[in-house]
1. Apply the Karplus curve 6.51 cos²θ - 1.76 cosθ + 1.60, θ = phi - 60°, to the phi angles in region 474-485 and return the couplings in whole Hz, x for Gly and Pro.
2. Among Gly101, Ser467, Pro20, whose Cα lies farthest out toward the positive end of the dipole of the chain, if unit charges sit on the beta carbon of Lys, Arg (+1) and Asp, Glu (-1)?
3. Using amide H atoms built 1.01 Å from N in the peptide plane, name the residues 5+ places from Met427, or on other chains, whose amide H lies under 5 Å from its own.
4. Per-residue HN-Hα couplings for region 365-373, Karplus 6.51 cos²θ - 1.76 cosθ + 1.60 at θ = phi - 60°, whole Hz, x for Gly and Pro?
5. Please work out whether region 339-461 counts as rounded, prolate or oblate from its C-alpha gyration tensor, where a ≥ b ≥ c are the square roots of the eigenvalues and a/c under 1.5 means rounded, while otherwise a/b larger than b/c means prolate and anything else oblate?
6. Run the dipole for the chain about the Cα centre, Lys and Arg Cβ at +1, Asp and Glu Cβ at -1, nothing else charged, and hand back the magnitude in debye, nearest 20.
7. Nothing charged except the Cβ atoms of Lys and Arg (+1) and of Asp and Glu (-1): what's the magnitude of the dipole of region 254-362 about its Cα centre? Round to the nearest 20 debye.
8. Starting from 0.36 nm per residue, how many nanometres of slack lie between Val460 and Asn224 once their C-alpha separation is accounted for?
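Quick note: the coordinates plus some simple rules give every number you see, no bench work behind them. What you see is a predicted model; the values in this text were computed from it and never measured. Note: ideal-geometry Cβ built from the backbone for every residue, glycine included; neighbour counts use all protein chains shown.
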Amino acid sequence: MSTEARATAPHDPLAVGPDPHPDLHNDDLAPLPQSRRRWGWFEIFNVWTNDVQSLAGYTLAASLFITAGINGWWVFAAIVLAGLFVNYLVNLTGEPSVRYGIPYAVMARSGMGVRGAMFPALVRGIVAIFWYGAQTYFASTAVALALNAVLGTSGGPEVLGMTGIDWISYLIVAAIQIVLFVRGISWIEKFLNIAGPAVYVVMVLLLVAIWVQAGDDLLPAVGNIFSNDEVQGWRAVTAFLGVVGTTVAYFSAVVINFGDFSRFSRTQGGMKIGNFTGLPVSLAFFTFLSLFITAGAYVVYQGGEGEPQTNPAAIVGQVDNTVLTVVAALTFLVATIGINLVANFIPPAYDLSNLSPQRISFRRGGYLTAAFGFVIGALWVAVIDQIGLPKFVDTLGAVLAPLYGILVADYYLVQRRNLHVRDLYSMEPAGRYHYVRGWNLRAIWAFLVAAVFSVAAVWVPWLVELSGFAWAIGAIIGAVLYVALMRSAPSSPPRTQVPAGQP
């Protein structure tokens, strides 16, 4: 049977066995049968498109244009190259979940152990909660922009760096996200289908408005205003590669748990088409718009003075058109909420549920995510924003990178693409993924050693030039160490290889 045929074959609903361990199984963690898979390439495309075009995504791209110190076109090329690389990475993590219908939290049991998988799930969940809080804050800036435009206010006195209008906006966004989550995944899917195209319409209109005012000054500005004469030679090369690394790190949270989405895909081919159109293609278009809008707004509204604006909501506010400001703000709000729910709300809900399936349902995991994320977002301006978005992104990516390396190395090099589904839900000592009391200590050691190196690349001053490579460093060290440790381990009891989708 061909790989594609195996990937799309219906799953036996009893593939987890007649009596799965209650601490490892609930309806949300069970393999998803083919009959419940509704996603084609367009739904996968929408996941990535909304991730790309969020307010945080634009802010990161604009920040990289400003801080890299190289020609804007080279930064553009670096971001597109990163999109191609991420496309390759998610095809790797997406395949096993299309093939077996399992979420990331269950997939991680293969390498980490049926109990040990709680560790990577918790790490991934914590990172997602940080991102959830950050994106909630960014979405609230769009609401604040609209309210200030309509009310003609400046927001008033500040608490923790946010005005009264800012706090009201933040509460509104937090409430909207909870309501959408309660309505279910089908509502979120419809939400994304509307948000994606709408953002591009607004950004194209904004670019046209800026270009008309900038005229012939825009094209030269795109390449030159971000350049730094001191960044030449090898420094320019490392700056280029650093942009690639930071962009990859931005997607790292979704890259590692992409199985949470790909398990809804009907075929491997549909998943790959959605990945390609939603990542390198959509990212190239969005980055092109971001480059021209950021440069044009700097020329037209700031006269080339001061720091360029990195938040598109703030750029819209400079246009001095209340109707456009409100429409654009609402559009950016919809897009950011959409991806926040998909990329940063649903995954930690699964991950927290995996910690105790019988006590924490998927919905309860979502409520916990919302509560912790609310605190993170509330402290964004006063605490986290002082670090800077690129460093924040690199740090979270550095933490997750070793887990990605271990996950991929385990599936493709150690398990050789064959999983025993029953053993993923079993605490039997003879089970393939039981290891030592359910923990694969070799995988834990590989993660810890790799994480020390990748996080150090971000925070140790004399390693500062490696900060953009933190994700790659962590993933490579994690994968190499894991494979070396597993191959040095005593041989496991022989087992019959089980075809995909079979018990």
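1. Taking θ as phi minus 60°, the curve returns x, 5, 5, 4, x, 5, 5, 4, 4, 5, 4, 5 Hz for region 474-485.
2. Positive-end residue among those listed: Pro20.
3. Here the answer is His21, since their amide H atoms fall under 5 Å of that of Met427.
4. These are the phi-based 3J(HN,Hα) values: x, x, 5, 5, 4, 4, 5, 5, x Hz.
5. Working: a/c = 2.53, a/b = 1.36, b/c = 1.86.
Since a/c reaches 1.5 but b/c is at least a/b, the shape of region 339-461 is classed as oblate.
6. Values: 26 positive and 27 negative charges, 418 e Å.
About 2000 debye.
7. With only Lys, Arg, Asp and Glu charged at Cβ, the dipole is about 600 debye.
8. On the way: separation 236, 0.36 × 236 = 84.96 nm, distance 3.11 nm.
Length gained, Val460 through Asn224: 81.8 nm.
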